[in-house]
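Notes for the one structure printed next.
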Amino acid sequence: MMNIPIRLRTALLAAIILFFVIVLYFLKRRRLTLKYSLLWLLTGTVMLVLVAFPELMMFLSRLIGTQSIMNTLYLLILAFVIILLMMLTSIVSGQTERIRRLAQSNALLEKRIRELEEEFREKAGKS
Amino acid sequence: MSVKNKVLLMIAAYNEEENIERVVDDLKLHYPQYDYLVINDGSTDSTKEICSRKGYSYVSLPVNLGIGGAIQTGYRYALENQYDIAIQIDGDGQHDAAYLEQLIRPILEGKADYTIGSRFIKKEGFQSSGARRAGIHFLSELIRLLCGIKIYDVTSGFRAVGIRSIRAFAENYPTDYPEPEAILDAVMRRERLTEVPVVMRGREHGQSSINLQRSIYYMIKVTLDLIICRISYGVRREKREDLT
């Protein structure tokens, strides 16, 4: 079956529009930074293009040799999810590194402040 | 060397309220000429309060970073305050302060850049269980395979480090179980490593950070760490200008 039924196309379109609304809502409420949502927006755009031009899907199906267009769609979604997860893991790793550095700097600064306070107190006591 | 070397003793402590006092007081008594720094790794017991009450020189991490992150704090402190040699000592009293001088000597004499206190050279004192020794032997062989240098006690946390490695470790120190990887990293930077025979004690209080359940995770993680560390340095080791 090398065609997407019109009903499915409509459903997919609705889902993608809902997806965009949610992403934009989060962006507006500042619960997503643009930097990380770019990936989501890109995913949505690619999906939109594929639904708008099913010929692309048919071409892709022939290219990778899948039996039906639906399988290609599932494969694409899976690929997107895997890429997103890998990027998230990479972001988490980067943040762990930054938290470590910050905690260390915090501890070193705390020691300096403590010593300065003691010095200050001693001076105040003498005069 | 004309200028007197500044030496920092770094004592990493995570929930060591039962040991920390004895360890630090012992060091202060025998080595008043050296500075020391207790690194409280986000302990949930009274380790920090003890340090504060006793007026120790300490830094206190707001969250638990694990031994790697804690020791790195010490290296950053050593770098900021221009120390020439930094010494790692565990806060649990396993490491005998009597061996400090022997540990530093090769660095002072310019014969080594990085020394490791080793249980397995004279085979005296606390030797650890058979299974653990087998694990250590495996990691030791793996390191030899990866860089050609044989170090016997690769998990020993009793170490003295010269200025080049202080600088490198302040920038980048392995996390989680850092000891074997730190050795490989130093070798890859063309540091000269020496093992110094020491006698270690078994723990008197508290739990070792590596229990039986974690051993498998430990072995897999450290093995992968070592291989990845080796790969990230490329085929040839870095050149070192000050030695020919």
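Observations
- Some residue of the stretch B:14-34 being at pLDDT 95 or above, more than 9 Å from every other protein chain (Cβ to nearest Cβ) and in contact with a helix residue (DSSP H, G or I) (Cβ under 7 Å, 6 or more places away or on another chain): no
- Residues of the stretch B:98-112 that turn out to be surrounded by 16 or more Cβ atoms within 10 Å (Cβ to Cβ) and within 22 Å of B:G125 (Cα to Cα), as a count: 4
- If only residues of the stretch B:48-92 that are more than 12 Å from B:Y14 (Cα to Cα), away from every other protein chain (no Cβ under 13 Å) and among the acidic types (D, E) are counted, the one that is surrounded by the most Cβ atoms within 10 Å (Cβ to Cβ) is B:D84.
- Set B:K122, B:K111: member being touching a residue at least 12 places away in the same chain (Cβ under 8 Å), more than 14 Å from chain A (Cβ to nearest Cβ), within 24 Å of B:L184 (Cβ to Cβ) and in a loop (DSSP other than H, G, I, E, B): B:K111
- Considering residues of the stretch B:72-123 that are within 18 Å of B:T155 (Cβ to Cβ) and acidic (D, E) only, the residue nearest to the chain's Cα centre (by Cα): B:D90
- If the condition is being surrounded by fewer than 21 Cβ atoms within 10 Å (Cβ to Cβ) and either over 19 Å from the mean Cα position of the chain (by Cα) or over 21 Å from B:R164 (Cα atoms) (or both), then the stretch B:28-47 contributes B:K28, B:L29, B:H30, B:Y31, B:P32, B:Q33, B:G42, B:T44, B:D45, B:S46.
For every residue, the table says whether it meets (1) within 19 Å of B:I67 (Cβ to Cβ); (2) touching an Asp or Glu at 6+ places or on another chain (Cβ under 9 Å).
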{"position": "B:F120", "(1), (2)": "no, yes"}
{"position": "B:R132", "(1), (2)": "yes, no"}
{"position": "B:G157", "(1), (2)": "yes, yes"}
{"position": "B:G162", "(1), (2)": "no, yes"}
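- Test for B:Y99: is it touching a residue at least 60 places away in the same chain (Cβ under 8 Å), hydroxyl-bearing (S, T, Y) and either under 28 Å from B:D242 (Cα atoms) or within 14 Å of chain A (Cβ to nearest Cβ) (or both): no
- Which listed residue is surrounded by fewer than 21 Cβ atoms within 10 Å (Cβ to Cβ) and either at pLDDT 90 or above or over 20 Å from B:R133 (Cβ atoms) (or both), from B:R203, B:R189: B:R189
- Verdict on B:T223 being farther than 28 Å from B:K111 by Cβ and modelled with pLDDT of 90 or more: yes
- Of all residues in the stretch B:68-90, exactly one satisfies the criterion of being within 15 Å of A:T96 (Cα to Cα) and hydrophobic (A, V, I, L, M, F, W, C), namely B:A70.
The values are calculated or read from the model by the stated rules, or taken from the named source; none is laboratory data. Here the structure is a predicted model, which is why all the values come from computation and not from measurement. Every residue, glycine among them, receives a Cβ derived from its backbone with ideal geometry; neighbour counts consider all protein chains shown.
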